[in-house]
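First comes the structure, then the notes that go with it.
The values are calculated or read from the model by the stated rules, or taken from the named source; none is laboratory data. No experiment lies behind these values; they were computed from the predicted model shown. Glycine gets a Cβ as well: all are built from the backbone with ideal geometry, and neighbour counts include every protein chain shown. Each accessible area value is taken on the protein alone, full model and side chains, heavy atoms only, with ligands, DNA and RNA left out. Shrake-Rupley method; radii C 1.70, N 1.55, O 1.52, S 1.80 Å.
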Amino acid sequence: MGRLKLFLPLLLFIPLGLLLMKGLQLDPQELPSALLDKPLPAFSLPALGDPGKVLTRDDIVGTKSLINVWATWCPTCRAEHPALVALARERGVRIIGLNYKDERAAALGWLARLGDPYALNIFDAEGRLGLDLGVYGAPETFVVDSAGVIRYKHVGVIDEKVWQENLLPVFEEIQ
Amino acid sequence: MSNRTAFRPLTGLALLLLLWSPLLRAVIETYDFATEEQRQRYHHFVEELRCPKCQNQNLSGSNSAIAEDLRRELHRLLLEGRSDEEIVDFMVSRYGEFILYRPPLDRHTLVLWAFPGVLLLIGVVVGVLLLRRRAVPGAGDEVGDAEVHRRAAQLLDHYRKEQS
C-alpha cells in the first residue's frame, strides 16, 4: 500500500497533462459565435457599387449564402481572395460581401483588379452590421441558410482545405 | 560619488515620463456624458468588458479597431439610458460570454468558478493531515529537543577539537 501511494502524483499528473495538452491544441483566438443558429440581424446599408442603393436583410435571405467580411486594409483578405473567386465562379457558391470599415474607392479598385466574387456587396463603413454580427476582425465568413439563419462562422482565411473540411459539410447540409 | 549626482539623471527621467504620460493616454478618445453617474458606469464597463480581438485586454486597455467601436457603442447605449443588464446583454448577444471578465455562474462556468474553491479545500485537507501527523509525538523522523541539543553539543565538541 505504501509503495502504491508513491504513484499517486503520477496518477494526478497524467489527467492534468492530457488536459493541458488539449489546451495547447485549441486556438484561443477562435471564439464560438454568439449568433450561431440565430437569425441574421436586420440592417439597412448602402451597396458598395452604388451609394444610392440600400441593401437590407431581405436582399440576402432566400438563397443559402456565404457572408464574407472583408476590407482592403486586411492582408489576410487579400490572401483568401483567389479562393473566393474560385468558389463563386467554379462552384457557383453565392457569396455576399460585407465590406467592413473600408473606403469605397479602394474597395472598388480592389474588385476591379482582383476579380469580384460577390453577388452583392454591403458597404459597412462604420462597422455597424459588423458589430451586430459579432465581427471582431477580418476576414470572417458566415454560412447563412435560405431562411436567413446563421449556421456557421469561420474566422480567418478560407482556402481549399478550410472549404472542404469546415464550410462545405455545413453548406451541403443546409437548405 | 555622492547621492546627489546619482539623483539628478533620475529626476530628469521622472520629469520626462511625467510630461510623456498625457501623450500616452491620448490614444483613448474622450466622451462627454450627461451625468457623472454615466461617466462612472462607462469607466466601470471599459474595465470589465474584454476586447474580443485581443486575448487579455479590456476595452480601456486596447486601441484595436474593435475595442474603439465597442467603446463608441457603450457610450451610445449609456446616453440612451440603457440599464447595466441591457448593456451586458447587448455585448453578450454579439460577442458571447468571452467578452465578460466575470462570466455569470451557470452550468458551463461552474468548473471555472468552483475549481479554485475545490483546490483550496484540497490544500486545506492535505495541510491538516500533514500537521496532524507531525503533532503525534515520536512519529516519523521527528526528534525531540533534548536529542537536537545533544547532537548540536556533539558537533560543537568535534569542531573545537579540530580547531585546537
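With respect to the conditions (1) away from chain B (no Cβ under 13 Å); (2) part of a helix (DSSP H, G or I), A:Leu16 lacks only one, and its number is (1). Based on what the data block shows, is A:Arg91 closer than 25 Å to A:Leu168 by Cβ and either in contact with a Ser or Thr (Cβ under 7 Å, 6 or more places away or on another chain) or free of Cβ contacts under 8 Å to residues at least 12 places away in the same chain (or both)? Yes. Candidates A:Asp50, A:Asp27, A:Asp59: the one that is of a type in the set (Asp, Glu) and surrounded by 13 or more Cβ atoms within 10 Å (Cβ to Cβ) is A:Asp59. If you check B:Leu79, B:Leu110, B:Leu121 for being open to solvent by 70 Å² or more (accessible area, probe 1.4 Å), more than 14 Å from chain A (Cβ to nearest Cβ) and over 24 Å from the mean Cα position of the chain (by Cα), only one passes: B:Leu79. When the residues of region B:53-66 are filtered to those that are in a helix (DSSP H, G or I) and more than 9 Å from chain A (Cβ to nearest Cβ), the one that is surrounded by the most Cβ atoms within 10 Å (Cβ to Cβ) is B:Leu59.
When the test is whether a residue is over 16 Å from A:Val135 (Cα atoms) and assigned to a strand (DSSP E or B), A:Leu98 does not pass it. In summary, A:Gly130 fulfils each of the numbered conditions (1) surrounded by fewer than 17 Cβ atoms within 10 Å (Cβ to Cβ); (2) among the small types (Gly, Ala, Ser); (3) on the phi < 0 side of the Ramachandran plot with the single exception of condition (1). When A:Leu168, A:Leu131 are checked against the criterion of being within 14 Å of chain B (Cβ to nearest Cβ) and free of Cβ contacts under 8 Å to residues at least 12 places away in the same chain, A:Leu131 stands alone in meeting it. Of all residues in region A:116-127, exactly one satisfies the criterion of being among the charged types (D, E, K, R) and open to solvent by less than 10 Å² (accessible area, probe 1.4 Å), namely A:Asp124.
Taking the criterion of being surrounded by 11 or more Cβ atoms within 10 Å (Cβ to Cβ) and touching a strand residue (DSSP E or B) at 6+ places or on another chain (Cβ under 8 Å), the residues of region A:33-43 that qualify are A:Ser33, A:Leu35, A:Leu36, A:Lys38, A:Pro39, A:Leu40, A:Ala42, A:Phe43.
When region A:135-165 is examined, which residues are found to be under 24 Å from B:Glu68 (Cβ atoms), within 14 Å of another protein chain (Cβ to nearest Cβ) and not in a loop (DSSP other than H, G, I, E, B)? Of everything in region A:135-165, those that are under 24 Å from B:Glu68 (Cβ atoms), within 14 Å of another protein chain (Cβ to nearest Cβ) and not in a loop (DSSP other than H, G, I, E, B) turn out to be A:Glu140, A:Phe142, A:Lys153, A:Val155.
Here B:Asp89 does not qualify as out of contact with any strand residue (DSSP E or B) (no Cβ under 8 Å at 6 or more places or on another chain), within 14 Å of B:Thr30 (Cα to Cα) and assigned to a helix (DSSP H, G or I).
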